[in-house]
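Participant: To start, I am sharing the structure in question, which I have written as structure tokens.
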Amino acid sequence: MAITEMLALGAVVVGGLIVMSIYNRLVALNLRCTQASSDIDVQLKQRHDLIPNLVETVKAYAGHERGTLEAVMKARNAVVAAPTAAQAAQAEKTLGAAIGRLMMVAEAYPDLKASTNFSELQAELSDIENKIAAARRYLNSAANEYNTSRAQFPSNIVAGLFGFVAREVEVVAKEHRAQVEAAPAVRF
């Protein structure tokens, strides 16, 4: 075997190892994004499962606030039944607003605010909301890292060859940004 043939073979092997390394990194980053997205789904499901208990607790103290309670349950059911991610995201916004109205109703009922059950459900909801925010931040970080890696040379060539597509970043609407960024209120 001639030296040029050995060099050519060596270049092919090195090139193959580089492509394999880039491919494996893109796969790992893409899977990290998928896992982060699944984490958000788990947190949202926990929130959806908590809402009926919260509504029932409020109903016990403020049953005549029927419109607010029905709006919360209708919004929750719309999220659960949403056929597409875009419709689910829109329904989540509606649900968030309905939960906010429910919490404002609770403020008007001292007995409800003093209820241990309501306080525990409210704390659990607050905890889940914090976990959702953290999971979204993690997803955004993972998606940014993946998209950056996918766009850089020579990864962009490998990504194009193997069909790696960009991942979307979770964007918080301006009207919800202040709520998300605000420090949680502490009441005694």
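Participant: Going by the structure shown, is Asp49 acidic (Asp, Glu) and under 15 Å from Tyr138 (Cα atoms)?
Facilitator: When the stated conditions are applied, Asp49 does not pass them.
Participant: Looking at (1) hydrophobic (A, V, I, L, M, F, W, C); (2) part of a helix (DSSP H, G or I); (3) modelled with pLDDT of 85 or more; (4) open to solvent by 80 Å² or more (accessible area, probe 1.4 Å), find the lone condition where Val165 falls short.
Facilitator: It is condition (2) that Val165 fails.
Participant: Test each condition in (1) over 20 Å from Ala135 (Cα atoms); (2) modelled with pLDDT of 95 or more for Leu29 and report the one that comes out false.
Facilitator: Checking Leu29 against (1) over 20 Å from Ala135 (Cα atoms); (2) modelled with pLDDT of 95 or more, the one that fails is (1).
Participant: Turning to a different aspect of this structure: Restricted to segment 24-46, and to residues that are more than 12 Å from the chain's Cα centre (by Cα) and in contact (Cβ under 8 Å) with a residue 40 or more places away in the chain, which residue is surrounded by the most Cβ atoms within 10 Å (Cβ to Cβ)?
Facilitator: Leu29
Participant: Among the residues of segment 139-162, is any assigned to a loop (DSSP other than H, G, I, E, B), surrounded by 15 or more Cβ atoms within 10 Å (Cβ to Cβ) and among the basic types (Lys, Arg)?
Facilitator: At the first step, the residues of segment 139-162 found to be assigned to a loop (DSSP other than H, G, I, E, B) are 152-154.
Retained after the next criterion (residues that are surrounded by 15 or more Cβ atoms within 10 Å (Cβ to Cβ)): none.
Scanning segment 139-162 turns up no residue that is assigned to a loop (DSSP other than H, G, I, E, B), surrounded by 15 or more Cβ atoms within 10 Å (Cβ to Cβ) and among the basic types (Lys, Arg).
The values are calculated or read from the model by the stated rules, or taken from the named source; none is laboratory data. On a predicted model such as this, the values are computed, not experimentally measured, just so you know. Backbone-built Cβ (ideal geometry, glycine too); neighbour counts: all protein chains shown. Please note that ligands, DNA and RNA were not included when accessible areas were found on the heavy atoms of the full protein model with its side chains. Shrake-Rupley method; radii C 1.70, N 1.55, O 1.52, S 1.80 Å.
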